[in-house]
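The values are calculated or read from the model by the stated rules, or taken from the named source; none is laboratory data. Please read all numbers here as calculations on a predicted model, not as lab measurements. Using ideal geometry, Cβ is built from the backbone for each residue, glycine included, and neighbour counts are taken over all protein chains shown.
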Amino acid sequence: MSEYPVPPRRPPRKKLKMPLFGGMGGNSNQGPSTDWGVKNFTTIIFVVGCLGLLAQIFLPNLWAEKMYDSKNEISDISIDGALRKKYTDASDPNEIHYILIVREKNGARKKFDFYRVKPNFFDQVAVPQRLFKTSGSLDVRVTRFTKPDTTLKIEFLED
């Protein structure tokens with residue numbers, strides 16, 4: 001029989017601990033234990049679920065942007081900013097919504113829905129252009145890069 005050295009035995013590892021579930025794999029009595037509400041765990045889950053439901057109901061209304069879509073709102077508002085997003089919502093083919101998002105000089109965003117507007121205005125503007133509109137007018141001055149500034153008129157459909 002050959003004699004070779006046997007490595008020493010390794011000391012046992014520490015037990016795993018998780019904050020809510022305590023010591024996993026055994027009960028260790030090392031120091032004071034903290035109770036994280038394990039006794040009322042069902043109540044905590046119920047309260048968190050109710051808060052989540054309330055957040056789903058009220059937060060989208062609080063975070064929603066104001067949509068300018070009527071003739072009075074569009075004519076009364078003034079615009080001095082850059083066009084940042086342009087898209088259409090054609091989920092219903094009978095109601096096509098032409099949506100523009102404009103970022104003002106002060107950083108505010110304005111969202112326009114040209115549902116009742118003739119689509120020629122929407123077709124003639126592009127994303128990097130700057131738009132200038134005074135309150136009470138439907139004329140929009142569009143600053144372009146390759147052409148001189150153009151004045152476009154917003155024309156509403158007759159209902």
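Taken over the range 76-95, the criterion of being surrounded by 13 or more Cβ atoms within 10 Å (Cβ to Cβ) and within 13 Å of ASP113 (Cα to Cα) is satisfied by LYS86 alone.
Number of residues in the range 96-126 that are exposed (fewer than 12 other Cβ atoms within 10 Å of the Cβ) and among the hydrophobic types (A, V, I, L, M, F, W, C) equals 2. Here LYS71 does not fit the description of being farther than 15 Å from PRO119 by Cβ, loosely packed, with under 12 Cβ neighbours inside 10 Å and over 20 Å from the mean Cα position of the chain (by Cα). Looking across PRO19, PRO8, one residue alone is modelled with pLDDT under 85 and more than 24 Å from PHE156 (Cβ to Cβ). It is PRO19. Looking across the range 90-137, the residues that are among the aliphatic types (A, V, I, L, M) and part of a loop (DSSP other than H, G, I, E, B) come down to ALA108, VAL125, ALA126, VAL127. The set of residues in the range 139-151 that are touching a strand residue (DSSP E or B) at 6+ places or on another chain (Cβ under 6 Å) and part of a loop (DSSP other than H, G, I, E, B) contains only ASP149.
Contact annotation: no residue pair with Cβ atoms under 9 Å, 6 or more positions apart or on different chains, pairs a residue in the range 60-88 that is farther than 21 Å from PHE156 by Cα and modelled with pLDDT under 85 with a partner that is part of a loop (DSSP other than H, G, I, E, B) and among the hydrophobic types (A, V, I, L, M, F, W, C).
Residue count for the range 138-159, restricted to those that are surrounded by 12 or more Cβ atoms within 10 Å (Cβ to Cβ) and touching a residue at least 40 places away in the same chain (Cβ under 8 Å): 4.
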